[in-house]
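Following: one structure in structure tokens, then a few remarks.
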Amino acid sequence: MTTGYDLLQQSGDFRHHWLKRVAAGIVDAAIVSVPITLALADARSTWSIILAGVFSGVGWFAYSSILEGWFGQTLGKKLFHLRVVSMGEKGRAYQAILRNVPKIFWYVFLPFDVFAGLGIEGDPRQRWSDHAANTTVVAYSSFSIIHKRKRDREAKAGQ
């Protein structure tokens, strides 16, 4: 049985894919957590730090679920040319909510989600929650999207 851990050792492309996912996650976490942390900075207490962590998790969950449900990607994923795709049925909103639940308590469940996903059999690009939601994250190039749109327009014009 080959796991994601095996591929991390063997494949530079696979390491690059996960590096892009981590970088996109950092961008998305910053988009959500920086404003929340700044808003709570006036309190300067232990509780404000705890609240910032909890509110950031809830905000990250909502942000990711909404953008992935509607567009298939967050701003961080768009920046790194990544997209969430369904591996089966077309219930993208439900799948987006399910795959983003670990972000609510990101400081505990998100690392577990990644490590468990790398250790189980199946698509090594998936976190554990991706397995549960039947989704995966794929890389794309801007060129391939432009080329597909051009082919679609030409096909419509030819009909």
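Read-outs throughout are calculated quantities, based only on the coordinates presented, and are distinct from any laboratory measurement. Model, not experiment: these values are computed from the prediction. We place every Cβ from the backbone using ideal geometry, glycine too, and count neighbours over all the protein chains shown.
Of the helices (runs of 4 or more DSSP H) lying entirely inside region 30-145, those containing at least 1 residues that are within 16 Å of the chain's Cα centre (by Cα), crowded, with 16+ Cβ neighbours inside 10 Å and of a type in the set (Phe, Trp, Tyr) are 46-71, 109-119, 128-133. Taking region 8-21 as the range and being surrounded by 13 or more Cβ atoms within 10 Å (Cβ to Cβ) and either in contact with an Asp or Glu (Cβ under 9 Å, 6 or more places away or on another chain) or of a type in the set (A, V, I, L, M, F, W, C) (or both) as the test, the residues that pass are 8, 14, 18. Taken as a whole, the condition of being of a type in the set (A, V, I, L, M) and under 17 Å from residue 137 (Cβ atoms) does not apply to residue 40.
Residue-level analysis places residue 90 among those that are among the basic types (Lys, Arg) and without any contact (Cβ under 8 Å) to a residue 24 or more places away in the chain. If you go through region 121-137 and pick out every residue that is within 17 Å of residue 15 (Cα to Cα) and touching a Leu at 6+ places or on another chain (Cβ under 7 Å), you end up with 2.
Tell me yes or no: at least one residue of region 1-16 is farther than 22 Å from residue 131 by Cβ, of a type in the set (Asp, Glu) and free of Cβ contacts under 8 Å to residues at least 24 places away in the same chain. No: region 1-16 contains no residue that is farther than 22 Å from residue 131 by Cβ, of a type in the set (Asp, Glu) and free of Cβ contacts under 8 Å to residues at least 24 places away in the same chain.
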